[in-house]
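The structure under discussion appears below in the form of structure tokens.
The values are calculated or read from the model by the stated rules, or taken from the named source; none is laboratory data. Just so it is clear, the model here is predicted, and its values are computed rather than measured. Cβ sites come from the backbone with ideal geometry, for glycine too, and all protein chains shown count toward neighbours.
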Number of protein chains: 4
Amino acid sequence: MTGGVIRVGVAGAAGRVGQAICAGVEAAGDLVLAGRADPALDTPLASILGDCDVVVDFTRPDTALDNALACVTAGVHVVIGTTGFDPAPLAERRGPGNAFLAPNFAIGAVLMMRFAVEASRHMARAEIIELHHDAKLDAPSGTARRTAELMEGDVPIHSVRLPGLVAHQEVILGDVGQTLTIRHDSTDRTSFVPGVLLAVRHVARQDEPLVVGLERLLFPDAA
Amino acid sequence: MTGGVIRVGVAGAAGRVGQAICAGVEAAGDLVLAGRADPALDTPLASILGDCDVVVDFTRPDTALDNALACVTAGVHVVIGTTGFDPAPLAERRGPGNAFLAPNFAIGAVLMMRFAVEASRHMARAEIIELHHDAKLDAPSGTARRTAELMEGDVPIHSVRLPGLVAHQEVILGDVGQTLTIRHDSTDRTSFVPGVLLAVRHVARQDEPLVVGLERLLFPDAA
Amino acid sequence: MTGGVIRVGVAGAAGRVGQAICAGVEAAGDLVLAGRADPALDTPLASILGDCDVVVDFTRPDTALDNALACVTAGVHVVIGTTGFDPAPLAERRGPGNAFLAPNFAIGAVLMMRFAVEASRHMARAEIIELHHDAKLDAPSGTARRTAELMEGDVPIHSVRLPGLVAHQEVILGDVGQTLTIRHDSTDRTSFVPGVLLAVRHVARQDEPLVVGLERLLFPDAA
Amino acid sequence: MTGGVIRVGVAGAAGRVGQAICAGVEAAGDLVLAGRADPALDTPLASILGDCDVVVDFTRPDTALDNALACVTAGVHVVIGTTGFDPAPLAERRGPGNAFLAPNFAIGAVLMMRFAVEASRHMARAEIIELHHDAKLDAPSGTARRTAELMEGDVPIHSVRLPGLVAHQEVILGDVGQTLTIRHDSTDRTSFVPGVLLAVRHVARQDEPLVVGLERLLFPDAA
């Protein structure tokens, strides 16, 4: 780091997600955008590593692991949003850099799942309603299935598919004389940006070479 | 009527519903409670008819028709909340009194159904979520089934059953870039009282001997 | 018209709104995109008029009236989404074409306002909650103010401003033992497209030279 | 305890709240109702103490402390729902019994406040909407004020008062592209019963002579 400011490189900078992350980094007072790597920009990751404290990788399953190993070996921390590859090699210490990986960087969605799980231990019963645009082919959504698996008890899932919806999930818990409802609404595809920036600020401080899951940053004391 | 005040008798006055109606009549400035008929009170309907402009009947399927015929023949209007009998004999003029009957006196529920039907003509697709306490045995609810039948298009229904819920229905309509949601929440069993009082105030003015359905009062110009 | 298909021209076709309308027309089986007029495309409106049954105008306050008069005089109907000019000259018959104008083409928002007004005649009291992204400077929103003005009774408005919100309004009506909630959620700026296409299909049939307001198409029998 | 079953006495057993607790105890398989104390029943607390493992006190501010001291001195644990007195004397060990006190026994409301506070550390901004029946005189509600005080940042509160509402609170948190909503609905005055029974089952195990607040049972590991 240079004077408390974190120098951030973005791998996959030319993609739609990468562009949103570049914009988020540039808008943050404590971060500077130190480099953009992307085949479409004719800029390989290796050429920007020397300028970065942290690299954010939103590339592809077949490149993410090599990118991450290059980072940690060179002493650059890496925050990974790419999914679909086995991150096990990063769990062994390969170099001075740390790796952080999350399948879901939407802070509100991670909070919703966490609160739903906690509440299910104290309320009698629960049901989930997930609502998505009608172009979504699968039902129920992966988030709804994972939420139900983590909660206590048997939790029915209802899937609503309508034009005009974006991506929404509501967990309703009931007990004598009361209900508790926890709802997450995604209204824009940039919803992952605050979670990525949170990880960028924390990755240097983690004790382990690899940490997986935004909940590890949001609830560091939880089991 | 006496000086613009309507004299109201209640048949089934000792029941839970009848008591709520009596309380509602007594709280209304333009109505007076003129009599309470009920076997439990040793007071037959015939003994109060002479004091009433309108009788409200929440009794039983096997008594409601005889009660109503006695009223209209005697020139007393009758508002009927009892269901489970055939009201066809009331459709012929039997006497100077009018009869009004509704299966559902909750104004908000009738408005919800009406708006859902209207909106379904103008929005691309819709789904219904009905939510009830977990002691409710049937699913989907009768109101949800009737709403879906009246709406345009194929409308899926989701049934949520949880302790702590009372009786709720949500109709979500979607189209490009927007959703419209119409929701009714019943929070207390007295929700039928305003609809009954509305009918008491209108029954003398109706042109036909029998009118069925609160929507006829709420939307008099509709087809 | 040619064989039942409506030929549609778009004035302001190069703007963000105009592009969304062009895409909507092209996706509709009963409409064909007959011309795109825009200074940015070096295509004046006059050059496409001969190919059009209906023109949609989303331009600017200083050009909309001249555009509309040119259309109706030439026997081309015009649907106008431009606001901020006085449409009074269009109310006199100027030629064989009709003009339709609306300040709000979001069908769901117009339905919400209409239902809120109707329900306010039958429920005891109401409050409005309008929720918008935190970049919206004014509060309460124009839609909330207009809704409250049209409703019966005194209707308080609450304004919520948060990042992550788009544009939402909820009207809650309460009476004994029940509430009725009518909510509109705008989730995308294309929410006006279905309303514009509805007007395109109706404008040839209207009896008057100028009709104002989408509610005139949605509720033709209302006062 | 006798064979794993907890013997429960209720002080204030003739009141509306006391009756609901008696019914809740009788419906629970692991609890037995060992005594009902109330002036209206001519049964003083002293006369039932010998039969009880735990006493639940919903009496009055001027009797609750003496009742609790009598319990703990006699080795009977006490769960106190009475508010408006200073419980400080119970914080010193007076006898073998423990005391547990909470101002709010509605588990869902305590979870809502807790989750709102946690989420406010991770989301950019928040607002609270509390909705109550129109007979509620104060605004904002005490729960809303306490929630806002405990949350990070400046949290505006909106108060909705309508007939047909019961007691509801919604906390909306927003950040880039998303919102998280946490809502509690009280639908019946028996909503405190599960929280009281939870405390009855835990009070024997607590390390300190006095524990205050249901959150201490729901989140034992929290600071």
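Things to note:
- Which numbered condition residue A:44 fails, given (1) touching a helix residue (DSSP H, G or I) at 6+ places or on another chain (Cβ under 8 Å); (2) within 23 Å of residue A:96 (Cα to Cα): (1)
- Subset of region B:57-94 [without any contact (Cβ under 8 Å) to a residue 12 or more places away in the chain, hydrophobic (A, V, I, L, M, F, W, C) and under 27 Å from residue B:189 (Cα atoms)]: none
- Criterion: in contact with a Phe, Trp or Tyr (Cβ under 9 Å, 6 or more places away or on another chain) and of a type in the set (Ser, Thr, Tyr) - qualifying residue of B:73, B:59, B:82: B:82
- Check on residue A:109, within 28 Å of residue D:121 (Cβ to Cβ) and touching a residue at least 40 places away in the same chain (Cβ under 8 Å): yes
- Scan of region A:45-62 for residues that are of a type in the set (Asp, Glu) and in a helix (DSSP H, G or I), ordered by number: A:51, A:62
- Hey, residue C:122 in contact with a helix residue (DSSP H, G or I) (Cβ under 6 Å, 6 or more places away or on another chain) and outside the structural domain of residue C:33 (by TED's automatic domain parsing) or not: yes
- Restricting region C:127-142 to residues that are away from chain D (no Cβ under 12 Å) and closer than 15 Å to residue C:112 by Cα, the residue that is surrounded by the most Cβ atoms within 10 Å (Cβ to Cβ): C:141
- Yes/no for residue A:24 being at positive phi and at pLDDT 95 or above: no
- When each of C:45, C:41 is tested for being out of contact with any strand residue (DSSP E or B) (no Cβ under 6 Å at 6 or more places or on another chain) and of a type outside the set (Asp, Glu), the lone residue that passes is C:41.
- Checking the stated criteria, residue A:43 turns out not to satisfy the condition of being away from chain D (no Cβ under 14 Å), polar (S, T, N, Q) and under 14 Å from the mean Cα position of the chain (by Cα).
- Residue match in region D:137-151 (condition: within 25 Å of residue D:55 (Cβ to Cβ) and modelled with pLDDT under 95): no
- Filter result (touching an Asp or Glu at 6+ places or on another chain (Cβ under 7 Å) and touching a residue at least 24 places away in the same chain (Cβ under 8 Å)) within region D:181-203: D:183, D:194
- Checking residue A:172 against (1) more than 18 Å from residue B:131 (Cβ to Cβ); (2) within 11 Å of chain B (Cβ to nearest Cβ); (3) of a type in the set (A, V, I, L, M), the condition it does not meet: (1)
- The condition (being over 13 Å from the mean Cα position of the chain (by Cα) and in contact (Cβ under 8 Å) with a residue 12 or more places away in the chain) is satisfied by just one residue among C:178, C:169: C:169.
- Residues that are at pLDDT 95 or above and of a type in the set (Gly, Ala, Ser), drawn from region B:181-206: B:186, B:195, B:199, B:204
- Among the residues making up region A:156-170, those that are under 23 Å from residue A:120 (Cα atoms) and surrounded by fewer than 20 Cβ atoms within 10 Å (Cβ to Cβ) are A:156, A:157, A:159.
- Evaluating residue D:145 against the criteria (1) more than 10 Å from chain C (Cβ to nearest Cβ); (2) outside any helix (DSSP H, G or I); (3) surrounded by fewer than 21 Cβ atoms within 10 Å (Cβ to Cβ) leaves one unmet condition, (2).
- Candidate set: region D:171-205, residues that are surrounded by fewer than 22 Cβ atoms within 10 Å (Cβ to Cβ) and charged (D, E, K, R); chosen: the one farthest from residue D:30 (Cα to Cα): D:183
- Residue match in region A:63-83 (condition: within 14 Å of chain D (Cβ to nearest Cβ) and not in a loop (DSSP other than H, G, I, E, B)): no
- Filter result for residue A:20 (part of a helix (DSSP H, G or I) and among the hydrophobic types (A, V, I, L, M, F, W, C)): yes
- The set of residues from region A:89-126 being more than 10 Å from chain D (Cβ to nearest Cβ), surrounded by fewer than 21 Cβ atoms within 10 Å (Cβ to Cβ) and assigned to a loop (DSSP other than H, G, I, E, B) comprises A:92, A:93, A:94, A:95, A:96, A:103, A:104.
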